[in-house]
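The values are calculated or read from the model by the stated rules, or taken from the named source; none is laboratory data. Small disclaimer: the values here were computed from a predicted structure and weren't measured. Backbone-built Cβ (ideal geometry, glycine too); neighbour counts: all protein chains shown.
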Amino acid sequence: MTTSAERAFAQDMAAWTPPWSREPEDGETAPDPEPEAVTPAPEPEPEPVPEETPEPAAVIDPADLRPALEAILMVVDEPVSELNLSVVLELPEDLIAATLTELAAAYAADRRGFDLRRAAGGWRFYTRADYAPYVEKFVLDGQQTKLTQAALETLAVVAYKQPVTRGRISAIRGVNCDGVLRTLLTRGLVEECGSEPESGAYLYRTTTLFLEKLGINSPEDLPSLAPYLPDDIDALAESHDQS
């Protein structure tokens, strides 16, 4: 059984309106609404950087094909194939072959001093046969010149005392033989053949060309010179080496 106080309280509670549901009275202000949560906008994805593609190799201008082939053929030391030239110049092999044939015909028609020939599976410049004597003369110029007296004496010392050092040669001749020995080396008549164990000086001997020029098989076939040599030749050579 409820009392009158309880009934009055229940009536007040039923008529009560919470502040947030009723209109504000004089002197009251409505509470600020709670700010809505702001979702940050997604950052824009960076634009992909385009990859740098290498520039394609320049294809040779057909007008430059002949000069390009000539430039390459000037530096080769053996015949170069049409396939190799085709790869380098990035042109069809048939075009390379046709152009080389045209060049060869043009050189022949102009009577140039050289030929462009196909040999050993490739192409290369060669001296025209008509002018071979001039080339031979140029290459061999000076090679047919007679040896000087000093060169002959030095060559004789090397031939009979080989292997022999430069110092011993100079001691036997009594003069410096450096220049003359270089001449004999250039002519291919003498060559280095190691070094002397005691002093480390280079040793020299005659070459096969020397034997061919004299028409002998070995230095042992040289005529004896013992009767013409001084008795103390070895002592002279040793004293020169020590000095």
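Restricting attention to segment 108-124, does a residue exist that is assigned to a helix (DSSP H, G or I) and modelled with pLDDT of 90 or more? Looking for residues that are assigned to a helix (DSSP H, G or I) and modelled with pLDDT of 90 or more, one finds at least one in segment 108-124, hence yes. Just so you know, in segment 204-221 the residues that are in contact with a strand residue (DSSP E or B) (Cβ under 9 Å, 6 or more places away or on another chain) and in contact (Cβ under 8 Å) with a residue 24 or more places away in the chain include one that is surrounded by the fewest Cβ atoms within 10 Å (Cβ to Cβ), and it is 219.
Looking only at segment 75-92, count how many residues are in a helix (DSSP H, G or I) and surrounded by 15 or more Cβ atoms within 10 Å (Cβ to Cβ). Summing the residues that are in a helix (DSSP H, G or I) and surrounded by 15 or more Cβ atoms within 10 Å (Cβ to Cβ) in segment 75-92 gives 5.
This table checks each residue for (1) out of contact with any Phe, Trp or Tyr (no Cβ under 8 Å at 6 or more places or on another chain); (2) surrounded by 18 or more Cβ atoms within 10 Å (Cβ to Cβ); (3) not in a helix (DSSP H, G or I).
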site	(1), (2), (3)
133	yes, no, no
139	yes, no, no
168	yes, yes, no
181	no, yes, no
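Quick one: in segment 93-115, which of the residues that are farther than 27 Å from residue 135 by Cβ and of a type in the set (A, V, I, L, M, F, W, C) is surrounded by the fewest Cβ atoms within 10 Å (Cβ to Cβ)? Going through the qualifying residues, I end up with 98.
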